[in-house]
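Peer 1: Here it is: the structure, laid out below.
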Amino acid sequence: MSMTKEEQQLRVDLAACYRLVDLYGMSDMLLNHISARVPGDEVHFLINPFGMMYDEVTASNLIKVALDGTVISNPNPQYTVNLPGYVIHSAIHGARHDVGCVLHTHTPAGMAVSALECGLLPLNQTAMRFAGSVAYHDFEGVAVDTGERQRLVEDLGNNDVMILRNHGLLAVGQTVAEAFVNIHRLERACLTQLLTLSSGAKIQMPIAEVVNKTFNQLRRAPSPDAAGRFPPHGEREWPALLRRLDKIDPSYRN
């Protein structure tokens, strides 16, 4: 299959993201989905073959699909595109051209917080990364109705993360790396909130001024790199995450 070097690299990164989501305990058997927009292409994105476990996803078996649902390439025709995956991901890629990757999970912590009326609370530094910028989308049933796409996009707005009420979590990023780091931190914020609330002890809530200050500090990495830059989330973490994967099982690159 002919493709650009940029698409080849994106496929490696996206396959790595599936493996990392599984490695960090955020997969749900065959369910959920991660997609990435094909570089230089506004109408095509890559997504997993529905029927493969996350630890089976590789760079070469990802499916390329158009925003209108047309399958452009599928190396394993016995597998299809998950319909809720198409609905959710085509909606966001079609509306948010700044988004390169969309990631959706059904973790126990994420589903639990999605059912709390209070939503995500700024109980710690990790949660404050998203303070004031968490979107919420009310549950409408399994996302197989294309009519829901507009409401998903409207609720997400310009935010990086969204809690799907009574459902799970969603994160986006300009890169695969940024989307993964966003979902990982959102997941930890949800898990920590549940542990905090379950303790039964009196909660120490930070003042609004500090919450807002921390949120602004964490819009990008708070520590500069060797060149004095404050890199976007994921840029520093991604090479280290790939090194970890390569030590465990480099087959995602195939």
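Peer 1: Among the residues of the range 206-254, write down those that are hydrophobic (A, V, I, L, M, F, W, C) and surrounded by fewer than 10 Cβ atoms within 10 Å (Cβ to Cβ).
Peer 2: Of the residues in the range 206-254, the ones hydrophobic (A, V, I, L, M, F, W, C) are 207-208, 210-211, 215, 218, 221, 226-227, 230, 238, 240-242, 245, 248.
Those that are hydrophobic (A, V, I, L, M, F, W, C) and surrounded by fewer than 10 Cβ atoms within 10 Å (Cβ to Cβ): I207, A226, A227, A240.
Peer 1: Quick one: F230 ticks every box in (1) within 26 Å of S114 (Cβ to Cβ); (2) out of contact with any His (no Cβ under 9 Å at 6 or more places or on another chain) except a single one, so which number is it?
Peer 2: It fails just one condition, (1).
Peer 1: Which of the residues belonging to the range 162-173 are under 10 Å from the mean Cα position of the chain (by Cα) and either of a type in the set (K, R) or closer than 22 Å to P39 by Cα (or both)?
Peer 2: Going residue by residue through the range 162-173, those that are under 10 Å from the mean Cα position of the chain (by Cα) are 162, 169-173.
Hits for the range 162-173 are L170, A171, V172, G173.
Peer 1: List every residue pair whose Cβ atoms sit under 6 Å apart, with the two residues 6 or more apart in sequence or on different chains, where the first one lies in the range 64-84 and is free of Cβ contacts under 8 Å to residues at least 60 places away in the same chain and among the aromatic types (F, W, Y) and the second, anywhere, is crowded, with 16+ Cβ neighbours inside 10 Å and assigned to a loop (DSSP other than H, G, I, E, B).
Peer 2: Y79/P49
Peer 1: When only residues in the range 174-188 that are more than 15 Å from A16 (Cα to Cα) and assigned to a helix (DSSP H, G or I) count, which is nearest to the chain's Cα centre (by Cα)?
Peer 2: Step one: filter the range 174-188 for residues more than 15 Å from A16 (Cα to Cα), giving 174, 182, 185-188.
From the residues that got through so far, the ones that are assigned to a helix (DSSP H, G or I) too are 182, 185-188.
Working: N182: 7, R185: 10, L186: 10, E187: 10, R188: 13 Å.
Checked the range 174-188; the qualifying residue nearest to the chain's Cα centre (by Cα) is N182.
Peer 1: Any chance the range 99-106 includes a residue that's surrounded by fewer than 16 Cβ atoms within 10 Å (Cβ to Cβ) and either under 26 Å from E6 (Cβ atoms) or touching a Cys at 6+ places or on another chain (Cβ under 6 Å) (or both)?
Peer 2: Step one: filter the range 99-106 for residues surrounded by fewer than 16 Cβ atoms within 10 Å (Cβ to Cβ), giving none.
No: the range 99-106 contains no residue that is surrounded by fewer than 16 Cβ atoms within 10 Å (Cβ to Cβ) and either under 26 Å from E6 (Cβ atoms) or touching a Cys at 6+ places or on another chain (Cβ under 6 Å) (or both).
Conditions (1) over 28 Å from G168 (Cβ atoms); (2) among the small types (G, A, S), marked per residue:
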{"residue": "R188", "(1), (2)": "no, no"}
{"residue": "L195", "(1), (2)": "no, no"}
{"residue": "S199", "(1), (2)": "no, yes"}
{"residue": "K202", "(1), (2)": "yes, no"}
{"residue": "I207", "(1), (2)": "yes, no"}
{"residue": "N212", "(1), (2)": "no, no"}
{"residue": "Q217", "(1), (2)": "no, no"}
{"residue": "A221", "(1), (2)": "no, yes"}
{"residue": "A226", "(1), (2)": "yes, yes"}
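Peer 1: From the residues in the range 118-153 that are farther than 30 Å from V210 by Cβ and basic (K, R), which one is surrounded by the fewest Cβ atoms within 10 Å (Cβ to Cβ)?
Peer 2: Result: R151.
Peer 1: I've got another one for you. Which residue is farthest from L191 (Cα to Cα), if the candidates are limited to the range 111-162 and must be outside any loop (DSSP other than H, G, I, E, B) and touching a Lys or Arg at 6+ places or on another chain (Cβ under 8 Å)?
Peer 2: V153
Each row is one residue, and each column tells you yes or no for (1) among the polar types (S, T, N, Q); (2) touching a Ser or Thr at 6+ places or on another chain (Cβ under 9 Å); (3) buried (at least 24 other Cβ atoms within 10 Å of the Cβ); (4) within 24 Å of F139 (Cβ to Cβ).
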{"site": "N166", "(1), (2), (3), (4)": "yes, yes, no, yes"}
{"site": "T175", "(1), (2), (3), (4)": "yes, no, no, no"}
{"site": "F180", "(1), (2), (3), (4)": "no, no, yes, no"}
{"site": "L194", "(1), (2), (3), (4)": "no, no, no, yes"}
{"site": "G200", "(1), (2), (3), (4)": "no, no, no, no"}
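Peer 1: Conditions: (1) in a helix (DSSP H, G or I); (2) polar (S, T, N, Q); (3) touching a Phe, Trp or Tyr at 6+ places or on another chain (Cβ under 9 Å). N166 meets all but one. Number of the miss?
Peer 2: (1)
Peer 1: Hey, among G141, G147, G94, which residue is out of contact with any Gly (no Cβ under 8 Å at 6 or more places or on another chain) and on the phi > 0 side of the Ramachandran plot?
Peer 2: That would be G141, the only listed residue that is out of contact with any Gly (no Cβ under 8 Å at 6 or more places or on another chain) and on the phi > 0 side of the Ramachandran plot.
Peer 1: Considering only residues that are part of a helix (DSSP H, G or I), within 19 Å of L23 (Cβ to Cβ) and either touching a Gly at 6+ places or on another chain (Cβ under 6 Å) or without any contact (Cβ under 8 Å) to a residue 40 or more places away in the chain (or both), which ones fall in the range 197-243? I'd like the intermediate steps shown before the answer.
Peer 2: Step one: of the range 197-243, the residues part of a helix (DSSP H, G or I) are 197-198, 208-217, 237-243.
With the extra rule that they be within 19 Å of L23 (Cβ to Cβ), the set shrinks to 237-243.
Within the range 197-243, P239, A240, R243 qualify.
Peer 1: Would the range 90-97 turn up any residue that is touching a strand residue (DSSP E or B) at 6+ places or on another chain (Cβ under 6 Å) and either modelled with pLDDT under 95 or in a strand (DSSP E or B) (or both)?
Peer 2: Applying the first criterion (touching a strand residue (DSSP E or B) at 6+ places or on another chain (Cβ under 6 Å)) to the range 90-97 yields 92-93.
From the residues that got through so far, the ones that are either modelled with pLDDT under 95 or in a strand (DSSP E or B) (or both) too are none.
Within the range 90-97, not a single residue is touching a strand residue (DSSP E or B) at 6+ places or on another chain (Cβ under 6 Å) and either modelled with pLDDT under 95 or in a strand (DSSP E or B) (or both).
The values are calculated or read from the model by the stated rules, or taken from the named source; none is laboratory data. Keep in mind that this is a model prediction, so the values were computed, not measured. Cβ atoms come from the backbone with ideal geometry, glycine included; neighbour counts cover every protein chain shown.
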